[in-house]
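Colleague: Please read through the structure below; I'll follow up with questions.
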Amino acid sequence: MAPPLRIVVIVFIAVAVLLSLFSIFETSFPFSLHAKVFPKQALPTRSGYLPIPPTNASLFFVFHEATDPITPPSSTPLLLWLQGGPGCSGLVGNFFELGPFFVNPDGASLSRNPFSWNRRFGLLFVDSPLGTGFSAAASPADIPTGQPVIASHILSALQSFLSLDRSFRSRPLFLAGESYAGKYIPVAASHILDVNPTLPEHRRVNLVGVAIGNGFTHPVVQVATHADRAYSAGLINTRKRAELAALQAEAVSLTMAERWVEAAAAKERVLLALETMTGLATLYDVARQRPYQTAPVAVFVNRPEVKAALGVRRDGARWVMCSGAVRAAMESDVMKSALPEMETILMRRRGTRVLLYQGVRDLMDTVAATEAWMGELRWGGLRAFLDAERVLPGGDLAGYVQWSGMLTHVVVHGTGHMVPEMIERWVLEAVLPRRSRGGNGGTRRAGPPL
């Protein structure tokens, strides 16, 4: 006997309601229902928004606690990662470079990163400056146009983060990032070191070191190195070298005249010409046959269930890897230098460790460019650094290390612009007792364990 029509209707409505509720719960409670898209072990320890008073704005963050620390909880390092750009989201670093999980090419699933940076220390990604990633700006006028405001926002966001857990305050902090973060980091670190003495002890930031990968730090010197670097690599001929050198000279001249917007445009012409002349798939790595495939990250991050899992506000705009609005707002900052702030960091009586690292195959922010601006440092330890031996650590050719005092420069063999693989031991060197390390012939000397 068939069930009465009324019962069928009631059952149908009940099923529809349950399905509707499931849909709501799926968005609201990602921990239990999103395992296929965002497995529980891939979820960050904390994520959401960090207020940056005195503004009414906040910066989006994702934090992964150390999974296998070898230091006590109170001294396990914290590392803040800032992406370059300007205007590129920290989630690029999280899901494409150094976080615990990578987005797969399907844009719908994750794979574990065996070289994640959060094995030995807590890893904090922040979308900075305001207007980047999920750090929405109320209006274009709220997007910073220069480094001082960005540095102030970074310190405010750090204070908000350190207040989330009482144990965070005592832990050694490192600022790290790549490319355009070569300016964010020295300015932010210098600002923190300036402000720290004015703060009560319980509000001070325990900044121990900074690490910059393939950094864009002193543009007027760096922009002048591309022609020689490309020519010496056999990527351009003598005529193209002269053409590129002329474009570089224009960028330098405009920078020296402090015609900042025009200088930034001239710098872009240098890079465009370099790309056209060489025919490379990307200037970030001369050996790559295709550009870096970052599009799946955007597909993944914009999934509603992923946004919910990360604590993105419901009114959050669509995530883009790099913000055109931020880049436009910061056009007059592009060719300004952060060299004075780097000098300030190195000259502090209580030194802050500085690591400059890069891939040998990068043609965007090259080893030669970094060598050039390091040579212009007004720092008492420069002569000792320049006279220091450049060593090959280990048996296999992995790279080259040069160090003296608080400055270390590492060149990594066989990679390009995105080279976050080496940092763990450098960070731990700052927080563990210094050990002697053996060298060739039994010679033992102190140095970075790289």
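The values are calculated or read from the model by the stated rules, or taken from the named source; none is laboratory data. None of the values given here were measured: they were computed from a predicted structure. FYI the Cβ positions are ideal-geometry reconstructions off the backbone, even for glycines, and counts take in every protein chain you see.
Colleague: Assigned to a loop (DSSP other than H, G, I, E, B), small (G, A, S), in the same structural domain as L193 (by TED's automatic domain parsing) and over 17 Å from the mean Cα position of the chain (by Cα): which single residue out of S332, S337 fits that description? So that I can check it myself, show each step before the final result.
Modeller: Working: S332 fails: assigned to a loop (DSSP other than H, G, I, E, B).
That would be S337, the only listed residue that is assigned to a loop (DSSP other than H, G, I, E, B), small (G, A, S), in the same structural domain as L193 (by TED's automatic domain parsing) and over 17 Å from the mean Cα position of the chain (by Cα).
Colleague: Now for a different question. Is it fair to say A189 is outside any helix (DSSP H, G or I) and touching a residue at least 24 places away in the same chain (Cβ under 8 Å)? It would help to see each step written out before you state the result.
Modeller: Values: outside any helix (DSSP H, G or I): no; touching a residue at least 24 places away in the same chain (Cβ under 8 Å): yes.
Answer is no for this residue.
Colleague: Check segment 216-231 and report whether any residue there is more than 26 Å from H153 (Cα to Cα), outside the structural domain of L78 (by TED's automatic domain parsing) and assigned to a loop (DSSP other than H, G, I, E, B).
Modeller: No, there is no match, as no residue in segment 216-231 is more than 26 Å from H153 (Cα to Cα), outside the structural domain of L78 (by TED's automatic domain parsing) and assigned to a loop (DSSP other than H, G, I, E, B).
Colleague: Now a separate question. I'm trying to understand the selection: among the residues of segment 247-293, which are in contact with a Ser or Thr (Cβ under 6 Å, 6 or more places away or on another chain) and either touching a residue at least 40 places away in the same chain (Cβ under 8 Å) or on the phi > 0 side of the Ramachandran plot (or both)? Show your work before the answer.
Modeller: Applying the first criterion (in contact with a Ser or Thr (Cβ under 6 Å, 6 or more places away or on another chain)) to segment 247-293 yields 260-261, 263, 288, 291.
W260, V261, A263, R288 - these are the residues of segment 247-293 that are in contact with a Ser or Thr (Cβ under 6 Å, 6 or more places away or on another chain) and either touching a residue at least 40 places away in the same chain (Cβ under 8 Å) or on the phi > 0 side of the Ramachandran plot (or both).
Colleague: When segment 399-433 is examined, which residues are found to be at pLDDT below 90 and touching a His at 6+ places or on another chain (Cβ under 6 Å)?
Modeller: G399
Colleague: Regarding segment 358-375, can at least one residue be identified that is buried (at least 20 other Cβ atoms within 10 Å of the Cβ), of a type in the set (D, E) and not assigned by TED's automatic domain parsing to the domain that holds F134?
Modeller: First, pick out the residues of segment 358-375 that are buried (at least 20 other Cβ atoms within 10 Å of the Cβ): 358-359, 361-367, 369-370, 373-374.
Going one step further and asking which of them are of a type in the set (D, E), we end up with 362, 365.
Within this subset, residues satisfying the condition of being not assigned by TED's automatic domain parsing to the domain that holds F134 are none.
Within segment 358-375, not a single residue is buried (at least 20 other Cβ atoms within 10 Å of the Cβ), of a type in the set (D, E) and not assigned by TED's automatic domain parsing to the domain that holds F134.
Colleague: Considering each of V326, V320, V354, V306 in turn, give the residue that is in a loop (DSSP other than H, G, I, E, B), on the phi < 0 side of the Ramachandran plot and either within 20 Å of the chain's Cα centre (by Cα) or at pLDDT 90 or above (or both).
Modeller: When all the criteria are applied, what remains is V320.
Colleague: Just one of S139, S160, S128, S109 is surrounded by fewer than 22 Cβ atoms within 10 Å (Cβ to Cβ) and either at pLDDT 95 or above or touching a Ser or Thr at 6+ places or on another chain (Cβ under 8 Å) (or both); which is it? Give the steps one after another, and end with the answer.
Modeller: Numbers: S139 fails: either at pLDDT 95 or above or touching a Ser or Thr at 6+ places or on another chain (Cβ under 8 Å) (or both); S128 fails: surrounded by fewer than 22 Cβ atoms within 10 Å (Cβ to Cβ); S109 fails: either at pLDDT 95 or above or touching a Ser or Thr at 6+ places or on another chain (Cβ under 8 Å) (or both).
The unique qualifying residue is S160.
Colleague: Name the strands (runs of 3 or more DSSP E) wholly inside segment 94-145 in which the number of residues that are of a type in the set (A, V, I, L, M) and touching a residue at least 24 places away in the same chain (Cβ under 8 Å) is 2 or more. Spell out how you get there, then give the answer.
Modeller: On the way: elements: 101-103, 110-112, 122-126.
Output list reads 122-126.
Colleague: Then there's this: Name every residue in segment 259-303 that is of a type in the set (G, A, S), within 22 Å of the chain's Cα centre (by Cα) and surrounded by fewer than 16 Cβ atoms within 10 Å (Cβ to Cβ), in order of residue number.
Modeller: So the first thing to find is which residues in segment 259-303 are of a type in the set (G, A, S), and the list is 263-266, 273, 279, 281, 287, 295, 298.
Going one step further and asking which of them are within 22 Å of the chain's Cα centre (by Cα), we end up with 264, 295, 298.
Of everything in segment 259-303, just one residue is of a type in the set (G, A, S), within 22 Å of the chain's Cα centre (by Cα) and surrounded by fewer than 16 Cβ atoms within 10 Å (Cβ to Cβ), namely A295.
Colleague: Do any residues in segment 149-173 that are within 15 Å of L79 (Cβ to Cβ) have Cβ atoms under 9 Å from those of residues that are assigned to a helix (DSSP H, G or I) and among the acidic types (D, E), where the two are at least six apart or on different chains, and which pairs are they?
Modeller: none
Colleague: Separate question: For segment 320-365, give me each residue that is out of contact with any Gly (no Cβ under 7 Å at 6 or more places or on another chain), among the basic types (K, R) and under 17 Å from V208 (Cβ atoms).
Modeller: Across segment 320-365, the qualifying residues are R348, R349, R350.
Colleague: Report every pair of residues separated by at least 6 positions or lying on different chains whose Cβ atoms are under 8 Å apart, first residue within segment 38-53 and within 16 Å of P304 (Cα to Cα) and crowded, with 16+ Cβ neighbours inside 10 Å, second charged (D, E, K, R) and modelled with pLDDT under 95.
Modeller: F38/E305
Colleague: Another one. Quick test of your reading of the structure: V37 fulfils all but one of (1) part of a loop (DSSP other than H, G, I, E, B); (2) modelled with pLDDT under 75; (3) hydrophobic (A, V, I, L, M, F, W, C); (4) over 20 Å from R318 (Cα atoms). Name the failing condition by number.
Modeller: Going through (1) part of a loop (DSSP other than H, G, I, E, B); (2) modelled with pLDDT under 75; (3) hydrophobic (A, V, I, L, M, F, W, C); (4) over 20 Å from R318 (Cα atoms) one by one, V37 breaks only (4).
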